[in-house]
Amino acid sequence: MVTLATRSDVLAMGDATNTLEAGGKAAALAKLIAAGFNVPAFYVLPQVSFPDSGLPDASRDEIRTAAAKLGPGPYAVRSSAVDEDGAEHSHAGQFLSVLNVKLADVASEAERVYASGRAESVEAYRLQSGIVVTEAGPSVIVQQMVSARCAGVLFTAEPVSGRRDRIVVSATHGLGDRLVGGEVDGEAYVLDRDGETIARPDGMEGALCLSDDDLAQLHQLALAVEEAAGHPQDIEWAFDANTLYLLQSRPITTTLRPMPVADQQLAIFDNSNIVESYPGQVSPLTFSFAQYVYARVYRRFLEILGVNGVMIRDNRVVLDNMLARLNGRVYYNLLNWYRALALLPGYRTNRDFMETMMGVGEPLPAEVADRLAPQPASGFAKLGEYGRIAATGARLVWAGICLPRTIRTFDKRLNGALATERNRLGDLPLTALAHEYRQIESRLLDDWDAPLINDFLCMIAFGASRKLLERWSGTEGLALHNALMIGQGDLISAEPPRLIAEMADRLRGDEEAIARVEVALASFDSSTLDWAGWTRNEHGLDDQFVRLATEYVARFGDRCTEELKLESITLDEDPSPLLKSIIAAARQPVSAKSQTPETGPEAQITHLFEGHFLKRVVARQVLHWAKARVRDRENLRFERTRVFGHARQVFLAMGRQMHALNAIDGPRDIFYLTVAEVLGAIEGNAVSSDLKGLVAVRRAEEQTHRALAEPGERIEVRGACLSFVQLSARSTEDDNAAVGSGTGCSAGTVVARAKVVTDPHDAHLDAGEILVARHTDPGWIALFANAGGIVVERGSLLSHSAIVAREMGIPCVVGLKGATSWLKTGDEIEVDGATGVVKVVRRADEV
């Protein structure tokens, strides 16, 4: 054995390219240095450098001298066996590595690393892996240590799933040795091949180990090392204050999938409007039902507007995919909505108006929308386009003239389709229940004419009247428009708060009566739902109060929170939200809201257009038409609630029958199935008969989705949507801001205590408090009864909260993003329902 005393066996890092001499790890690093990568300086002690009798003093001096030339230390001393870090066997963790070695100890630690190659664990590893041992011990690398602020590992492919289109990063503050050794979990990041962050740990940038710039550097390093090596790599890296270092790289030895074919097809999903109808997690049954409803209803919409039947048929796939479900939440498939709108005459010239109709928070980029639109017509084709627009206009005019009759006919048809009483559904067998559901499809969804016509005319009338008053009278005209868009006393959504106030009046001042209602409320829990006992007045309540409450539930029982979600609990199952609102209102003095307008609508119009007779006449007629359409729109939404409520009861009856037949474990498990799966199990065309298995899979998926942060309003996905992975949410709101701005939609100013409500089921408002919510739906109406003002993160001028607030004369601001995180319960705030400005007067924690 030749020793260092007779000739130098220290290999400089540029000379360590021979694997048989320098070992696999050193050779790989030398090649990476030659390719231009930033590797900390090192040298190699080949295996022949270590005699069996131990290193002589001269060799130790030479090792220390070579180390001193690398820098002042400390040093890392690592193994570099011939077969280490190879494509077949990495030997990861088999040999000794020593960090933070002082200059005086380099030689002795090098001997220890060399000796680790003879350990029994290494022999067992090699024997199990079928490796022929060609060396007594490994070569040894002596390397300059990086003073790491952050270090870790990255894989240029997912080593567990084998996906080649993902880059996985694990990082920790300081050195990465405990991370590599499995002592700490580290921070986990996932990037796509383009460097976009797919997943990151919870926390704000600055507290996390890696910044966005750090991730960008690691992404570049990953792609470059993989290209240089020609195979996906397992890379160890470290950042000092500002510089990224490559510490070592080895091939990933697990089986990898092929690289997916690049797919740049763009899909855009937006829920800024639909979240009002389908907030939060939505069950598979609700989504599949809603998907079918949208497909049938909007096919009918195109027919009403005279779109050619061949065009409708050719766009069947578009109409069948108007909605998407991402992480259990419902979104508009926005590009398909634009494709559907592009079928309408005049799309290119009226695109902005149609975007307003959709209520999206942000329009498509012009270049994307232009690609979806038909080419502009020219010549005779242009005349034909004008003819289509004129024909559609004529259809709308005629539809508007016939609208009252259409609504009456629709109501008659709806009442006929919902004729089966709910208490009879439980007596029907599964086949009869399936027939009942098919009746809803054929008699209602395929002929959903009145709501469609009125909605379309409402949006036209509302938008046109608003623009007209703004053009003629500026801000005064807009204020008048807001004031006049209050209903005419027959808005059905105003009935629940009126009835709640009436019931509260019967209890106000009578603590004994209120206490009896509280006792009755306590009887409604998950195990002792006893509405029948309530109606028999077993709790000694005022008979008139019981009658009013019973009538309320009979009429508005389906107007629960999240009423369009089939899985929602209705008031006849649990009336506690209603009773809590009544009790809260009864314990407050009569509302001090000032709702006496200084002048009536006619006087306001006369004052605004004094001396302009023609404008006054036109404004009066336009506003009258718009008010009627807003009223009918809200009332027809209640008819939609009835349809969904009946469908809910049909499916629950199916669930009870399936549970009785041991097809599912509980009646409400039916909500984890799709409509096609439920009907298929009954009618014989199901793909799978293992309904319990499907429920188990969906339930586990729901739990996973609930643990994730809520996705944003707008999501863009390149390629197949199965590649969508949840991004960790980051707050962009300034929680210390004093002023926020949204859309003012019900005039008036109020200063009061804020009450942030995320779950209306267990919440109540004291009289005069300002309701702050992420979104509302008609089921929140019980809370509106006591509200002094309303602030909502989502919504538009025609959203339910805006319409009802205007009807009730409550100042309301919608579209104030981040309101539920910016405002806290107990904050004193000022809400200006005309301008949309919300101010924090005093924080709850201020003395």
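The values are calculated or read from the model by the stated rules, or taken from the named source; none is laboratory data. Please read all numbers here as calculations on a predicted model, not as lab measurements. As a convention, Cβ positions derive from the backbone with ideal geometry for all residues, glycine included, and neighbour counts pool all protein chains shown. For accessibility, only protein heavy atoms count, side chains too; no ligands or nucleic acids. Shrake-Rupley method; radii C 1.70, N 1.55, O 1.52, S 1.80 Å.
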Distance in nm between residue 409 and residue 620 label points, each 7 Å along Cα→Cβ, equals 3.3 nm
Note on the stretch 736-833: alpha-carbon gyration tensor, axes a ≥ b ≥ c; rule is a/c under 1.5 for rounded, else prolate if a/b larger than b/c, else oblate; result rounded
By the Cα gyration tensor axes a ≥ b ≥ c (a/c under 1.5 gives rounded; else a/b larger than b/c gives prolate, otherwise oblate), the shape of the stretch 390-525 is oblate
A 1.4 Å probe over the protein heavy atoms gives the stretch 187-339 a carbon and sulfur accessible-area percentage of 48 percent
With every protein chain in place, the accessible area of residue 313 for a 1.4 Å probe, in Å² rounded to the nearest 10, comes to 150 Å²
Rounded to whole Å, √(5λ) for the Cα gyration tensor eigenvalues of the stretch 192-305, largest first, gives 44, 20, 13
Put 292, 672 in order of accessible area, largest first, probe 1.4 Å, and you get 292, 672
To the nearest Å², the heavy-atom accessible area per residue of the stretch 262-310 with 1.4 Å probe amounts to 31 Å²
Protection proxy (average C-beta count within 10 Å per residue), highest first, orders 137-143, 105-111, 222-228 as 137-143, 105-111, 222-228
accessible surface per residue for the stretch 568-689, probe 1.4 Å, DNA/RNA/ligands not counted, whole Å² -> 46 Å²
Once all protein chains are kept in place, residue 813 shows an accessible area at probe 1.4 Å, nearest 10 Å², of 0 Å²
Quick calc: nm separation of the 7 Å Cα→Cβ label points for residue 842 and residue 446 -> 6.4 nm
Quick tally, 1.4 Å probe accessible area for 493, 688, sorted with the most first, runs 688, 493
Applied in sequence order to the stretch 16-26, the curve 6.51 cos²θ - 1.76 cosθ + 1.60 (Karplus, θ = phi - 60°) yields integer Hz couplings, x standing for Gly and Pro, of 8, 9, 8, 4, 5, 8, 9, x, x, 5, 5
Probe 1.4 Å, all chains present, heavy atoms only: residue 146 accessible area in Å², nearest 10, is 20 Å²
Cα gyration tensor of the stretch 441-504 diagonalised, 5x eigenvalues square-rooted, in angstrom largest first, produces semi-axes 29, 24, 6
Kirkwood radius from Cα pairs of the stretch 626-725 plugged into Stokes-Einstein at 10 °C, 1.306 mPa s, gives D in µm²/s equal to 95 µm²/s
Largest first and rounded to whole Å, the semi-axes √(5λ) derived from the alpha carbon gyration tensor of the stretch 245-305 read 44, 17, 14
